[in-house]
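Let me begin by presenting the structure, written as structure tokens, before commenting on it.
The values are calculated or read from the model by the stated rules, or taken from the named source; none is laboratory data. These numbers come from a predicted model, not from an experiment. Cβ placement follows ideal geometry from the backbone for every residue including glycine, while neighbour counts extend to all protein chains displayed. Only protein heavy atoms, including side chains, enter the accessible area calculation; ligands, DNA and RNA are left aside. Shrake-Rupley method; radii C 1.70, N 1.55, O 1.52, S 1.80 Å.
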Amino acid sequence: MKKLILILTISMVFILLYSCEKDATGIDPGMARLNIYITDAPAVYESVKITFSTVSAHIDSEWVTVSGEPTTVDLLKWTNGEKLLLGSADVPAGKYTQIRLIIDDAEIGVDSEVHPLEVPSGAKTGLKFGPQFTVEEGFTYELVFDFDVSRSIVVTGPKKNPHGYKLKPHIRMIATAVSGSISGIVTNPADVPVAYAILGNDTVTTSFVDTTSGFFRLAFLPDTVYTVSIVDTNDLRFDQSDVSVMSGMDNDLGMITLE
């Protein structure tokens, strides 16, 4: 994948979630409910804390606030399929043109020390996501920001004696209702294996394998067919192509031995 200052891979498919009569949803007439979550691909840092000040959605030349309370999130606590509700609001039904995410501050933990994480001006004024989408009255839409920390941190200066750290966000946004997952258990997980879901030449997401249980889950994957690769620090590996993912389902690969 080409390295850019800001890489945004966006999958904006919204699926209707409807299980009862409109009057029982608690959503006012003319409104829809929008829930926005955040998750992260694993990284080797000790912590990456990001303060999100505002999450909003654009409709009819105005920004509708989904979350207006500053929230500090350690992204590394929300990996391997775990997700945090970043904002939830009832918003006017209609056609939306963008989602905006504003980042106020950030810090990173490395080698038992905490360092400032420089936030670019674009993140402070708002990272904007398209394309256009429509929400219908009385229904709920759920979106996930997948914040890939390992691709979003730029180290300035020598690696052994860095001058500082910069945040260059690599984010993809997907709808949980149209995603599935791939899981399995590695029988020899002691040497810190990492699992990868690969589509073509692109690593879509990664997951650390639990070094005790051997469990891993590659989560929030759009419907398609992937190659799964697992590699540990001793270069033992597992590769399997043609691993399919279906909406709302987990493809369990069972017991896996790295060789």
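Observations on the model:
- Of the criteria (1) touching a residue at least 60 places away in the same chain (Cβ under 8 Å); (2) within 26 Å of residue 151 (Cβ to Cβ); (3) in a strand (DSSP E or B); (4) not aromatic (Phe, Trp, Tyr), which one residue 91 fails: (2)
- Test for residue 135: is it touching a Phe, Trp or Tyr at 6+ places or on another chain (Cβ under 7 Å), at pLDDT 85 or above and of a type in the set (Val, Ile, Thr): no
- Members of the range 238-250 that are modelled with pLDDT under 95 and under 15 Å from residue 204 (Cβ atoms): 245
- Where strands (runs of 3 or more DSSP E) fall entirely within the range 207-255, those with at least 2 residues that are over 17 Å from the mean Cα position of the chain (by Cα) are at 224-231, 237-245.
- Members of the range 199-237 found to be in contact with a Gly (Cβ under 9 Å, 6 or more places away or on another chain), among the aromatic types (Phe, Trp, Tyr) and either at pLDDT 95 or above or under 14 Å from residue 187 (Cβ atoms) (or both), listed by number: 215, 216
- Screening the candidates 140, 134, 97 for the property of being of a type in the set (Ser, Thr, Tyr), loosely packed, with under 14 Cβ neighbours inside 10 Å and farther than 23 Å from residue 40 by Cβ yields one hit, 134.
- Of 55, 66, all but one fail to be at pLDDT 80 or above, of a type in the set (A, V, I, L, M, F, W, C), crowded, with 19+ Cβ neighbours inside 10 Å and under 24 Å from residue 247 (Cβ atoms); the exception is 66.
- Flag for residue 221 being in contact (Cβ under 8 Å) with a residue 12 or more places away in the chain, more than 22 Å from residue 172 (Cβ to Cβ) and surrounded by 15 or more Cβ atoms within 10 Å (Cβ to Cβ): no
- Test: residue in the range 179-186 that is in contact with a strand residue (DSSP E or B) (Cβ under 6 Å, 6 or more places away or on another chain), open to solvent by 20 Å² or more (accessible area, probe 1.4 Å) and among the hydroxyl-bearing types (Ser, Thr, Tyr): no
- Complete set of residues in the range 120-170 that are closer than 22 Å to residue 89 by Cα and part of a loop (DSSP other than H, G, I, E, B): 126, 130, 131, 132, 136, 137, 138, 139
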